[in-house]
Amino acid sequence: MDFNFTDEQTMLRDTVASYLADNYDFEKRRAVIKAEPGWRPEVWSAFANELGILGAAFSEELGGLGGGYVENMIVMEEFGKKLVVEPYLGTVVIGGGFLKHGKPAAAADLIGKIIAGEAVFAFAYAEPQGRYALADLKTSASRDGAGWKLNGHKAVVVGAPWATHLIVTARTGGSQREAQGVSVFVVEKNAPGVTTRDYPTVDGQRASEVYFENVALPAEALIGPEGQALPLVERVVDEAVTALCGEACGVLAQLHQGTLEYTKQRKQFGAPISTFQVLQHRMVDMFINVEQSISMTYMATIKVGSEDAAERAKAASAAKVQIGKACKFVGQNAIQLHGGMGMTDEMAIGHYFKRATMIEAAFGNTDHHLARYEGLSLSRAA
């Protein structure tokens, strides 16, 4: 199977890498995440207008550059190398995914605003009782004339402090955990009845607790079929997991490279610790984990566009399992080889470790995806 990038994809990677090298060094990022608002809107504008990368994964018919899942992976991997906090995943991958697949009336207009950098999305799906179950919903939407009334609470909505729009899952029928009755809505964050409590996350991003109290939504706010949207949610989440694995590959590469460089400088008994055989073996194991993660991510990226939902889900979960194991192994060994310094705020390695830890838990941790893969495999075998 050919894993080589096209000339256009290579150019995209080089363009993103060059811009981030000039504008996203560690100290600058560290200052940004400590201050308000926690991101740089001017960088987001540059992504849209100078680089055009917000449109890289959209078709030309929608105003994009004609790319897809591979382009998302390329951008996310480069973002992982620099720990970019700007909400590409929530906006382009997840928001764009729901708009492309769900095809609401305003899809073309909203995608145009995403590409132009004018619309920022956050995915409000998690609830305090739900853990990783996408259908476990207490948030509800009821008919109100031609439109809807939305009520409920969403937890840890990453990127919500910066968002202009929210993608919200809600129950329009069925019981709390039932697959039937799940619907998806696009909600303007400044709509009456929407309130948020914003806070920083451990990895330098921002999130919100979002509350909906009798939020009036027009009929066209519905994305996908009423009460039958769980397969749509699962599809977009699989796409998000795959893109997140791309980011993880960038994070893991930096954890390994940073540790390799440090061990060449740190001396004990008059020699760099990189010359100690046991540590050489450890760093080889770290390298193998990084390379395996890249291979699994590439495979998942190829399969995530499949119309076979089970094949797509298995590929996404398999990649997430490998990524989760690698985040733990590579991250913990990077910290150990740096010693106590590795967890200080002044050193980049600790920031990469925190991001790796959050990635392992996002959209389902390693145990969750291992169980999901097993269930899918047994179901297919039966």
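Just so you know, all these numbers are worked out from the coordinates, no wet-lab data involved. All values reported here derive from a predicted model rather than from experimental measurement. Cβ coordinates were reconstructed from backbone atoms using ideal geometry, including for glycine residues, and neighbour counts include every protein chain displayed.
Would you kindly compute the Cα radius of gyration of the stretch 230-381 and its largest Cα-Cα separation (Dmax), both in Å?
Gyration radius and largest Cα-Cα distance of the stretch 230-381: 17.3, 61 Å.
Run the quick spin-label model on residue 176 and residue 213: label points 7 Å from Cα toward the beta carbon, then report their separation in nm to one decimal.
In this crude spin-label approximation the distance works out to 2.3 nm.
Once the piece of chain linking residue 277 and residue 332 is laid out straight, how much longer is it, given 0.36 nm per residue of separation minus the C-alpha distance between them?
17.9 nm
Which whole-number percentage describes the relative contact order of the chain, with Cα contacts under 8 Å and a sequence gap of 6 or more?
RCO, the chain: 15 percent.
Once you have the Cα-Cα distance between residue 311 and residue 143, take 0.36 nm times their residue separation minus that, and quote the gain in nm to one decimal.
56.9 nm
Report the normalised scattering of the chain as log10 I(q)/I(0) at q = 0.11, 0.13 Å⁻¹, calculated by the Debye formula with identical scatterers on the alpha carbons.
With one equal scatterer per Cα and no solvent, log10 I(q)/I(0) is -0.77, -1.07.
Mind checking which lysines have their Cα closer than 23 Å to the Cα of residue 113? Skip sequence neighbours fewer than 8 apart in that chain.
Residue 113 reaches 100, 103, 189.
What angle do you read, to the nearest 10 degrees and between 0 and 90, between the alpha-carbon axis of helix 7-23 and the longest principal axis of the chain?
Rounded to the nearest ten degrees, it is 70.
What nm distance separates the two modelled labels at residue 42 and residue 346, each placed 7 Å from Cα along Cα→Cβ?
Those two pseudo-labels are separated by 2.8 nm.
As a check on your grasp of the helix formula, calculate [θ] at 222 nm for the chain: sum -39500 (n - 2.57) over DSSP H runs of n ≥ 4, divide by the residue count, round to the nearest 500.
-16000 deg cm²/dmol
How much length is gained on full extension from residue 379 to residue 61, taking 0.36 nm per residue of separation minus their Cα-Cα distance?
110.7 nm
Averaging sequence separations of C-alpha pairs under 8 Å and six or more residues apart, then dividing by the length of the stretch 1-134, give the relative contact order as a whole percent.
For the stretch 1-134, the relative contact order is 24 percent.
Where does helix 309-338 land angle-wise versus the long Cα axis of the chain, in degrees 0 to 90, nearest 10?
40
Given a cut-off of under 8 Å on Cα pairs at least six residues apart, what relative contact order in percent is computed for the stretch 122-223?
This gives 32 percent for the stretch 122-223.
At a Cα cut-off below 21 Å, give the lysines reachable from residue 34, other chains included and same-chain residues fewer than 8 away excluded.
81, 82, 354
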